[in-house]
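> Got a structure for you, written out below as structure tokens; questions coming shortly.
The values are calculated or read from the model by the stated rules, or taken from the named source; none is laboratory data. All figures in this text were calculated on a predicted structure; none of them were measured in a lab. Positions of Cβ are backbone-derived with ideal geometry, glycine not excepted, and every protein chain shown enters the neighbour counts. Remember, those area values only see protein heavy atoms, side chains included, never the ligands or the DNA or RNA. Shrake-Rupley method; radii C 1.70, N 1.55, O 1.52, S 1.80 Å.
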Amino acid sequence: MAQLNCPPCTPCAAVCIEHEPIQTCEVKRKNLPKRRQYLYKLQEIRKKPRLIRWGHETSYENPFHVHKDPPPPCAEDIELKTSPVGLPASDPPPYLPQRDGNSDVHPLARPMGPIGPWASGRIDWGALSGQTGTRPVVDRYSITRYSVDEWRQRNADTIDACASTVLKSEKIERDSKNTIIRTYAITDKNQANCTESLHARAKTIDNMKSDLQRAIKAMQDEISTLEEQRRRLKQSLAVLRMPEAIASECLERRTGRPDTELIRDRPEEELIREVSLIAEIRSILLKTLAEIEAQQVQNRAARQRMEFDWSDKKLAHENDAINCNLTNKSTITLFRPGATRCPNEQSTEIYWEKFSRETLAMCLDCRKQSEQLRGTLDAILTNAARDLRCQADSVERALADRINCMEEVRQKLEIDLRSTLQHLADTEIQIEKLKVAIRNMDHAMKVVQTRLDNRNQRPRVENCRDQSQALLIAEVKSIEEGLSAMNAQLKQEEEVKNDLIMRRGELEKEIMMKRRTIAIDRDRCQLLRTHFPSATALSGY
């Protein structure tokens, strides 16, 4: 391998062939020819840095390139001990491009001429020379079209093309084998996934069929005795008017809150939710009462619909059970050309589940109505009473929390008001102190200005600018700076005083509004909600 070592002082540049070559001192480079297959080891050698001499048009990029004027050897250059491609120093085979030949892939820079003076050649031979572009050399003894270098280059290109075709065939063969293996693996995996999906679908249908069977049995056991339950339902509707009136009264009272306290807080939201819940419960009870006369017809219609649905699901379950047992070795499988077409009447899985759930829900609703009609209104009325009591408790907790919060805010505002009043008094005292201090500074200013005026009366050369004069001037500056600082502080104290007066008015107003809001929530709403009916009364007893 070639080793290139340059001392630090050598003005050379090492670059990598893998990237763009660095041009130094107008070094001219040529594009590398296509490497022959037996020279692929050159790629490893090319990763080594190559040497470009400063001031010489020299390049070791092409190991077969022969320089017309090679640079003279210097001490900094390292001698190449072996061939640049890692092969023996002997020449390549005679049928391939040689080191001393012109083996570039571009047109030959040196045209082919006559062999010698004894054989005068011409280049305009033959009738086809103008049509085909061939311009052979005609001597006295023979006719030749190509040189030996071109013949060797064609041999190298033929060998390279053959090797490339062989590599391409091997790659295609490997890809074909991999395609077969991958296709069979994907097919087996998809078939297994489809079988598993069919098993899951059959289980889902069977579960739904069992649910329908139980619902049909429950519907068949229903009987009607409606008179007592009708009375209980009417009693529950009569009692339901009281919580609605209480919630409406609380909402109306809370609209009288003052100014900024008229907010949508948690008690407001809970009261609105309670009114909507009462309206929803009333609509459910009225709907149940209206459906009493048509209950028998609804029960029979729901049972018939469930029986039809159960029959369809039984057939679908048997069909999927057959599909789950089909394999590649089954004898009943055939080509069905139109099997992938989806019929127009075919439903989707979402609609199937929705239809089945709606059927069960309708059966459940009818059974509940039938149970209500024969004395089992306990479920609906108990749930309604429980929801109303839970909502009433939520409203009362929200009112209590709101009142406690308002009490805390009121106490905090009263504390802040006392603190504000105290700071207001302190600020007024501080303002008076600043004013006194500013007035007292006049005495010091008079003293220093008098001293300066007296010193200015000194005669002739005695009226000099000595250190005392400078200190007196500095004292005047210091007094002025102090007065400016105290005046600025006095201005800030005045602004703070105005802010404290403004805050005192705001706090007093807020405390007044908080007390009025507390009175509405505690003295009116909480007292009114003590008359809320119990769960037993809401259940119709």
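> Accessible area of ILE322, 1.4 Å probe, to the nearest 10 Å²?
Counting only protein heavy atoms, ILE322 exposes about 100 Å² to solvent.
> Still on this structure: Too long at a 20 Å Cα-Cα cut-off: which of LYS217/LYS287; LYS446/LYS491; LYS189/LYS314; LYS209/LYS329; LYS234/LYS368; LYS203/LYS354? Intermediate results must be reported in sequence, preceding the final value.
On the way: LYS217/LYS287 26 Å; LYS446/LYS491 24 Å; LYS189/LYS314 29 Å; LYS209/LYS329 31 Å; LYS234/LYS368 17 Å; LYS203/LYS354 17 Å.
The answer is LYS217/LYS287; LYS446/LYS491; LYS189/LYS314; LYS209/LYS329.
> If you average the alpha carbon positions of segment 496-528 and of segment 239-287, how far apart do those two centres end up, in angstrom?
Each part reduced to its Cα centre gives a spacing of 25 Å.
> Okay, next question. Give the accessible area for SER248 in Å² (nearest 10); use a 1.4 Å probe, count only protein heavy atoms, and leave out ligands, DNA and RNA.
Accessible area, nearest 10 Å²: 60 Å².
> Can you compute the charge dipole magnitude of segment 340-400 about its Cα centre, using +1 on each Lys and Arg Cβ and -1 on each Asp and Glu Cβ, nothing else charged? Give it in debye, rounded to the nearest 20.
Values: 9 positive and 10 negative charges, 15 e Å.
Dipole magnitude for segment 340-400 comes out near 60 debye.
> Pop out the carbon and sulfur fraction of the accessible area of segment 282-377 as a percent, whole number, probe 1.4 Å. Please list the in-between numbers first.
On the way: 3840 of 6880 Å².
Exposed carbon and sulfur together represent 56 percent of the surface.
> In addition: Roughly what would the spin-label model give for LYS329 and LEU472, points 7 Å off Cα along C-beta, in nm?
So the two model labels end up 12.8 nm from each other.
> Within a Cβ distance under 14 Å of LEU277, other residues only, what is the Lys/Arg minus Asp/Glu net charge?
Numbers: positive: ARG273, ARG282, ARG386, ARG389; negative: GLU244, GLU269, GLU270, GLU274, GLU280, ASP387, ASP393.
Once all neighbours under 14 Å are counted, the net charge is -3.
> Write out the GluC sites (Glu not before Pro) in segment 330-391 meeting two conditions: DSSP loop, and at most 11 other Cβ atoms within 10 Å of their Cβ.
Numbers: sites: GLU345, GLU349, GLU353, GLU358, GLU371; in loops: GLU345.
When the GluC sites (Glu not before Pro) of segment 330-391 are filtered for loop state and at most 11 Cβ neighbours within 10 Å, GLU345 remain.
> Going through segment 434-468, which trypsin sites (Lys or Arg not before Pro) have at most 10 other Cβ atoms within 10 Å and a DSSP loop state?
Working: sites: LYS435, ARG439, LYS446, ARG451, ARG455, ARG460, ARG465; in loops: ARG465.
Counting only loop positions with at most 10 other Cβ atoms within 10 Å, the trypsin sites (Lys or Arg not before Pro) in segment 434-468 are ARG465.
> Rounded to the nearest 0.05, what FRET efficiency is calculated for ASN344 and ARG253 with R0 set to 60 Å and r the Cβ-Cβ distance? List each step's numbers first, then the result.
Numbers: r = 62 Å, r/R0 = 1.03.
Efficiency for this residue pair is about 0.45.
> Quick one: net charge of LYS177's neighbours, Cβ under 15 Å, K/R +1, D/E -1? Before the final figure, lay out the partial values.
On the way: positive: LYS171, ARG174, ARG182; negative: GLU170, GLU173, ASP175.
Net of charged neighbours comes to 0.
> Considering only protein heavy atoms, what per residue accessible area in square angstrom results for segment 316-439 with a 1.4 angstrom probe?
Numbers: 8190 Å² over 124 residues.
Value returned for segment 316-439: 66 Å² of accessible area per residue.
> Where only protein heavy atoms count, and the probe is 1.4 Å, what is the accessible area per residue for segment 202-265 in Å²? Don't jump to the answer; show the numbers that get you there.
Values: 3670 Å² over 64 residues.
Using a 1.4 Å probe on heavy atoms only, each residue of segment 202-265 averages 57 Å².
> I want to make sure I understand the PRE zone here: with the label point 7 angstrom from the Cα of ASP416 toward its beta carbon, which residues in segment 506-535 have backbone N atoms less than 18 Å away?
Hits in segment 506-535 for ASP416 at 18 Å: 506-518.
> Also, I was wondering about something else. What trypsin sites (Lys or Arg not before Pro) in segment 338-375 are in a loop by DSSP, with at most 14 other Cβ atoms within 10 Å of the Cβ? The partial results should precede the final answer.
Numbers: sites: ARG341, LYS354, ARG357, ARG367, LYS368, ARG374; in loops: ARG341, ARG374.
Loop-located and lightly packed - ARG341.
> Follow-up question, since we're still on this one. Keeping every protein chain in place, order CYS363, CYS464, CYS194 by accessible area at 1.4 Å, biggest value first, i.e. largest first.
Working: CYS363 0, CYS464 60, CYS194 80 Å².
I get CYS194, CYS464, CYS363, largest accessible area first.
> Can you give the charge dipole size of segment 193-334 about its Cα centre, rounded to the nearest 20 debye, using +1 on the beta carbon of Lys and Arg and -1 on the beta carbon of Asp and Glu?
Working: 24 positive and 25 negative charges, 94 e Å.
In total the dipole reaches around 460 debye.
> Starting from 0.36 nm per residue, how many nanometres of slack lie between LEU364 and ARG460 once their C-alpha separation is accounted for?
Details: separation 96, 0.36 × 96 = 34.56 nm, distance 12.31 nm.
Gain in length upon complete extension: 22.3 nm.
> If packing is taken as the average number of other Cβ atoms within 10 Å across a peptide's residues, how do 414-420, 476-482 rank, most packed first?
Details: 414-420: 14.9, 476-482: 13.1.
So the peptides 414-420, 476-482, ranked by packing, come out 414-420, 476-482.
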